[in-house]
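So the structure is just underneath, and the comments pick up after that.
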Amino acid sequence: MDRVRIVEVGARDGLQNEAARVPAAVKIELIERLANAGLPVIEATSFVSPKWVPQMADATEVLAGLHRKPGVSYPVLVPNLQGLERAHQAGADHVAVFTAASDAFNRKNINCDIAASLLRIKPVVDRARAAGLSVRGYVSCVLGCPYQGEVQVSDVVRVAAALAQMGCEEISLGDTIGVGTPGKARAMLRAVAEAVPMARIAVHFHDTRGQALANIYACLEEGARSVDASVAGLGGCPYARGATGNVATEDLVYMLQGMGLETGVDLDALIETGRWISNKLGREPASKLGRVKKS
């Protein structure tokens, strides 16, 4: 059966924008519940400066406290060499680096343009690979930017290709503010796939305007088989005002199952996990399935 690999980002991308501090024990339990539900890749935390993202200040504690399930990957986000060193010392074996296809977004986020951001990333990727770590690359704002508006597809291709050439094993293309529609998503993915093999591309859609599942469907038709999602639809972007959460993992799995695509995920366990973490955060799940009454 045709298989789609889901990269669960709820514990990092989902929780990083929460105003109230989420205890490390809750984060650890969330990650372990997700692993037990069958998610093959669970982004665990971020080794960014606690000054900029206080929610991730407990990254070392979270990584150290995990009971890692065999066969499951637990990548962590690293912004620079210092973050990489902290992550490596904490036992990470899979890291992710990030930039954007927008000069304006990069300047707001990391105080440099696209070209400078790629120059900063290269030594991080080089050192990570030399240490035997797997590396993933994120490209934000692939279908629009909150500061400059339209983003040129050529810039998305250029950034994705640069990350691939550095040695990022997978490139995640992110519609950070959820402005994309299926036609634009398809065209963008098709263009990137001319420079980066489809097998090395993942898609990452926020559901700000209710288009995430439709965009994913269009990308699946183009051959994408790696999709980022966040349990209970958690998340946003601390540098993109008004950006709501990622597509909910529960809703994604339901759609994929209906299409006859294998995920290896126990949907009932996933829905229960989404309800559990939403309860811990004091609100209803953002996922549609999480709000469906149990029969």
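Restricting to the chain, compute how many DSSP beta bridges are antiparallel as a %, nearest 5.
Of all bridge pairs located within the chain, approximately 5 percent are antiparallel.
To the nearest 20 debye, what is the magnitude of the charge dipole of the chain about its Cα centre, counting +1 on the Cβ of each Lys and Arg and -1 on the Cβ of each Asp and Glu?
Dipole size: approximately 400 debye.
Once you treat every alpha carbon in the chain as an equal point and sum by Debye, what is log10 I(q)/I(0) at q = 0.07, 0.12 Å⁻¹?
For the chain, the Cα-only Debye profile gives -0.22, -0.69.
Got a sec? Charge dipole of the chain, +1 on Cβ for Lys and Arg, -1 for Asp and Glu; which of Q152, N215, L256 is way out at the positive end?
Q152
Exceeding 24 Å between C-alpha atoms, which entries from my cross-link table qualify? They are K51/K288; K51/K108; K27/K69.
K51/K288
Before rounding to the nearest 500, sum -39500 (n - 2.57) across all DSSP H runs of length at least 4 in the chain and divide by the residue total; then give [θ] at 222 nm in deg cm²/dmol. Mind showing how you got there, number by number?
Details: 11 runs with 120 residues, N = 295.
About -12500 deg cm²/dmol.
How big is region 165-295 in terms of Cα radius of gyration and Dmax, in angstroms?
Both quantities, over Cα of region 165-295: 15.0, 50 Å.
How many percent of DSSP beta bridges within region 158-269 run antiparallel, rounded to 5?
Rounded to the nearest five, the antiparallel share is 10 percent.
Every number in this text was worked out from the coordinates using simple rules, so none of it is lab data. Since the model is a prediction, treat every value here as computed from it, not as a measurement. Because the Cβ atoms are built from the backbone with ideal geometry, glycine has one as well, and the counts that use them run over all protein chains shown.
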